Amino acid sequence: MLKTVKQSIAAYDMLRPDESVLVALSGGADSVALLRVLCELGYPVRAFHLNHCLRGAESERDEAFCRALCARLEIALTVERIDIAAAAREQGSGVEETARRIRYARLQEAAQGAKIATAHTADDNLETVLFHLVRGTGPKGLAGIPPVRGQIIRPLLRVERAQVEAYLALLGQDYVTDSTNADETYTRNRIRHTVVPALRAIQPSAAQAVARLGDLLRQDEDCLGGLAQECLAQAARPDGAWEIAPMRQAHPAVRARALRRLLAQSGMPLRDVTAQHVLALERLLESENPSACCALPHRFTARREYGVLRLMREENQPTRPAVPLSVPSDQLMWEGSVRVSVHVLENNEVFYKSFNTFCVDCGTIDFVSLCVRTRRAGDRIRLTEKGGSRTLKKLLIDRKIPRCKRDGLAVIADKTGVIAVQDIGMDCSRSPQGGARIQIKIEGY
């Protein structure tokens, strides 16, 4: 067993010689064996025990055992006590999920930057792969437990539980047993006590075979992940959106991974992303609707903007109200993001036309109702003398203004209709006719 652990540490570059390491110590056979073997290999070891307060006297027994063991071996031990059941109720999550999240968070705090060794064995890996398999998983799930994940290392991952027990017996080292491990109402325990023995009857080295499969799948995942990252790099735009073409052209295996990375980079927890969500994104890429969208977890929405994909988190923002425009007015901030300025032009003053700057004949304006607002159903505008009036909705579509931006455009209007629209233009019927004029300028979004 010492040889296997030493080979695993070297093969996966888990620890440098004499590098200190924090062992997650439960008191069970696996974690006790991990503690003893790392000490025997000469690594400076500290230990951490979390009392989950879930099993009454048994939890107290486990804590006392860990304290006595570390005292005898002269190993520094950190112990914390957390009422996991109460924390789960407070957070509205399952007990096992809460326990795992809190355990790893406290381990990282106790490690203070050092490596953290957990006692997952080849048997744990086999059970995990089978658990993922029956629930439905992809290659990453079939790869099982990774030997290294950040600062987490798993030196026993190529060691089987029978080897652990033999090693402890050789040392004369006792350990504690969690009574819930025999409870077959838990799916993992049923796999351990029923499925795994049946597999071993067919293939005694099943755990090692699954471990080799995991290594191969991780190699494939590294390769495909690199291609997915290249695809995203080609698709990335400076404004935070992604060009659709590179992802549509990618191989499906690369595209699916690119989409998952895209979600992660946008801040979405991948634990809540299912195959159905990825499929919905792929359909969005192929959609003929240039403004299609789909809902994702955590109030995220993916939107097509013609040839661009944009991912955003929806916020409940009220519709921007109509705000009166007074003349003269140096500057008006509309909902804090759009700046509208109105300036009365003198008779001999030259108007310099620029983007989103409009020169309007005062005789065409009802100043009492003059305002800046969002678009409304039925809004129409005539941009040229030769063309007829068109609905603003159709113009926005023709100009390929993304749907998510259409309701944020500033519309300058009065009671008779639209005067000018941000990024679109001015109604030609409002053009100067030789009388008094005002300049209206729109800036920002």
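The values are calculated or read from the model by the stated rules, or taken from the named source; none is laboratory data. Predicted model, so just to flag it, every value in this text is computed and none were measured. So basically every Cβ, Gly included, is an ideal-geometry build from the backbone, and we count neighbours across all protein chains shown. Surface accessibility is based on the protein's heavy atoms, side chains included, excluding ligands, DNA and RNA. Shrake-Rupley method; radii C 1.70, N 1.55, O 1.52, S 1.80 Å.
Just name the residue that is farthest from Lys400 (Cα to Cα) out of those in region 418-445 that are outside any loop (DSSP other than H, G, I, E, B) and of a type in the set (Gly, Ala, Ser). Walk me through how you get there before you give the answer.
Initial filter on region 418-445 (outside any loop (DSSP other than H, G, I, E, B)): 418-421, 425-426, 428-430, 437-444.
From the residues that got through so far, the ones that are of a type in the set (Gly, Ala, Ser) too are 420, 425, 429, 444.
Values: Ala420: 18, Gly425: 15, Ser429: 24, Gly444: 19 Å.
The extreme case among them is Ser429.
Looking at Gly144, is it open to solvent by less than 20 Å² (accessible area, probe 1.4 Å) and either small (Gly, Ala, Ser) or in a strand (DSSP E or B) (or both)? Here the answer is yes, as Gly144 does meet what is asked.
Please go through region 378-411 and give me each residue that is in a loop (DSSP other than H, G, I, E, B), aliphatic (A, V, I, L, M), open to solvent by 20 Å² or more (accessible area, probe 1.4 Å) and farther than 23 Å from Pro432 by Cα, ordered by number. Within region 378-411, Ile401 is the sole residue that qualifies.
Pairs linking a residue in region 276-295 that is open to solvent by 40 Å² or more (accessible area, probe 1.4 Å) to a residue that is of a type in the set (S, T, N, Q), with Cβ atoms under 8 Å and 6 or more positions apart or on different chains, are Cys293/Thr301; Ala295/Thr301. Within this structure, Val308 passes the test of being modelled with pLDDT of 85 or more and either open to solvent by 40 Å² or more (accessible area, probe 1.4 Å) or out of contact with any Cys (no Cβ under 8 Å at 6 or more places or on another chain) (or both). When you check Ile153 against the structure, is it open to solvent by less than 10 Å² (accessible area, probe 1.4 Å) and of a type in the set (A, V, I, L, M, F, W, C), yes or no? Criteria met by Ile153.
Residues in region 362-377 that are of a type outside the set (Lys, Arg), part of a loop (DSSP other than H, G, I, E, B) and open to solvent by 70 Å² or more (accessible area, probe 1.4 Å): Phe367, Val368, Ala377.
Within region 345-388, being touching a helix residue (DSSP H, G or I) at 6+ places or on another chain (Cβ under 7 Å), under 20 Å from Ile442 (Cβ atoms) and among the charged types (D, E, K, R) holds for Asp361, Arg375, Asp379, Arg380, Arg382.
So which of Ser205, Ser179 ends up being open to solvent by 50 Å² or more (accessible area, probe 1.4 Å) and closer than 20 Å to Asp30 by Cα? Break it down stepwise before answering.
Details: Ser205 fails: open to solvent by 50 Å² or more (accessible area, probe 1.4 Å).
None of the other options fit; the residue is Ser179.
When Thr194 is tested against (1) free of Cβ contacts under 8 Å to residues at least 12 places away in the same chain; (2) out of contact with any Asp or Glu (no Cβ under 9 Å at 6 or more places or on another chain), exactly one condition is not met: (2).
What are the residues in region 182-209 that are of a type in the set (Val, Ile, Thr) and within 29 Å of the chain's Cα centre (by Cα), if any?
Here is the first cut: in region 182-209, the residues of a type in the set (Val, Ile, Thr) are 185, 187, 191, 194-196, 202.
Of everything in region 182-209, just one residue is of a type in the set (Val, Ile, Thr) and within 29 Å of the chain's Cα centre (by Cα), namely Thr187.
Can you find a residue in region 34-47 that is in contact (Cβ under 8 Å) with a residue 40 or more places away in the chain and under 32 Å from the mean Cα position of the chain (by Cα)?
If we filter region 34-47 for residues that are in contact (Cβ under 8 Å) with a residue 40 or more places away in the chain, which is where we start, we get 34-38, 46.
Next, from what is left, pick out any that are under 32 Å from the mean Cα position of the chain (by Cα): none.
No, the conditions are met nowhere in region 34-47.
Let's see how each residue does on (1) open to solvent by less than 40 Å² (accessible area, probe 1.4 Å); (2) at pLDDT 80 or above; (3) outside any loop (DSSP other than H, G, I, E, B):
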| position | (1), (2), (3) |
| --- | --- |
| Arg304 | yes, yes, yes |
| Glu315 | no, no, no |
| Arg320 | no, no, no |
| Ser326 | no, yes, no |
| Val340 | yes, yes, yes |
| His343 | no, yes, yes |
| Glu349 | no, yes, no |
| Ser354 | no, yes, no |
| Val360 | yes, yes, yes |
